[in-house]
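Okay, so here's the structure we're looking at.
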Amino acid sequence: MQGMIGCANVLSDLYAMGVVNCDNILMILAASNEMQKEERTIATRLMIKGFNDQAIAAETAVTGGQTVINPWPIIGGAATSVCTQDEFIMPDAAQVGDVLVLTKPIGIQIAVNIHQWRNLPAKVEQWAKLMQFLTEEQVETAYRKAMKSMARLNRNGAKLMHVYEAHGATDVTGFGLIGHAQNLVRNQKNEVDFEIERIPIFKDLKLVDEKVNSWSLLKGTSAETSGGLLIAMSPDKAQSFCEHLEKLDGVPAWIIGKVVPVKDTVKGRHARIVDNVEVLEI
């Protein structure tokens, strides 16, 4: 699974530009020197298998890479594609009246962290506090949902960006929802702001963020890994995009906000989450 997630995350940078076909991937692999030899061999082989399987699912191939020794097992890489101008979408054409679509829920960091607490002696107190609000089954369910989401390719979303004439997109990863929204809005040609009015979140994680430990989930700064695409597109096409993507991927996408005229002409383009944002528990 870690290999599948790593490959999906690598490919997302291409998909966010509407690039559907990847020419090749270089795998960067770190094998753990803190594992026993047999553990390291098994874990490393499975990571490589997951990465290669995901590349095959994306109709591409791993053509090289580099392996190093590291305390933690890590896998990632670089994806490249040579394409014509009509095969990618520049992320700079959002206009007033557009809506913002998000193709995966957020909350990855929380789901993974609280699942780790169960087996970490240093997190005994946090785990005990967590168990006042959630059951172990709820923690496991959130973790499984997060894993499945991270492993899902954004490729169908990239394909549909062309069909429904998207005006630009980014993938939501380490900077969180608001961080990547901010990066995207600053890249626009038009003087616009992004307003996020609703946020899809994995079920139960809002409660954890409020009652157990804060990751600033509703502020949009909680880190994501292999998150969804945040796309600006015309409002008359967005709902059809969401419905079409759900048919292909089997999971929903959401209209989460809108593109409005820039409010502060001195500071320039800005992304913000509105007060009393609507939370969609998924």
Discussion item. Restricting to the stretch 154-174, name every residue that is within 9 Å of L229 (Cβ to Cβ) and either assigned to a strand (DSSP E or B) or of a type in the set (K, R) (or both).
Written reply: A169, T170, D171
Worksheet item: Looking at M35, M47, M27, which is the one that is out of contact with any strand residue (DSSP E or B) (no Cβ under 8 Å at 6 or more places or on another chain) and either open to solvent by less than 70 Å² (accessible area, probe 1.4 Å) or aromatic (F, W, Y) (or both)?
Response: M35
Fill in: Whichever residue in the stretch 158-199 is out of contact with any Phe, Trp or Tyr (no Cβ under 7 Å at 6 or more places or on another chain) and of a type in the set (V, I, T) and, among such residues, is most open to solvent (accessible area, probe 1.4 Å)
V163
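Would you kindly identify the helices (runs of 4 or more DSSP H) lying entirely within the stretch 47-151 that contain at least 1 residues that are touching a Ser or Thr at 6+ places or on another chain (Cβ under 7 Å)?
Numbers: elements: 108-117, 124-130, 136-151.
Result: 108-117, 136-151.
Take the conditions open to solvent by 40 Å² or more (accessible area, probe 1.4 Å), under 22 Å from the mean Cα position of the chain (by Cα) and under 17 Å from N154 (Cβ atoms) and apply them to I74. Does it pass?
Values: open to solvent by 40 Å² or more (accessible area, probe 1.4 Å): yes; under 22 Å from the mean Cα position of the chain (by Cα): yes; under 17 Å from N154 (Cβ atoms): no.
Judged against the criteria, I74 is not a match.
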Fill in: Residues of the stretch 240-281 that turn out to be in contact (Cβ under 8 Å) with a residue 60 or more places away in the chain and part of a loop (DSSP other than H, G, I, E, B), as a count
8
Fill in: Subset of the stretch 210-239 that is open to solvent by less than 20 Å² (accessible area, probe 1.4 Å) and in a helix (DSSP H, G or I) - its residue that is farthest from M1 (Cα to Cα)
A238
Discussion item. Can you go through V19, V10 and tell me which one is under 30 Å from E197 (Cα atoms), touching a Cys at 6+ places or on another chain (Cβ under 7 Å) and either crowded, with 18+ Cβ neighbours inside 10 Å or touching a residue at least 40 places away in the same chain (Cβ under 8 Å) (or both)?
Written reply: V19
Worksheet item: Do we have any residue at all in the stretch 88-110 that's touching a Phe, Trp or Tyr at 6+ places or on another chain (Cβ under 8 Å) and open to solvent by 30 Å² or more (accessible area, probe 1.4 Å)?
Response: yes
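The values are calculated or read from the model by the stated rules, or taken from the named source; none is laboratory data. Remember, predicted model here, so these are calculated numbers, not experimental data. Quick reminder, even Gly has a Cβ in these numbers, built from the backbone with ideal geometry, and neighbours come from all protein chains shown. Accessible surface areas use protein heavy atoms only, side chains included; no ligands, DNA or RNA. Shrake-Rupley method; radii C 1.70, N 1.55, O 1.52, S 1.80 Å.
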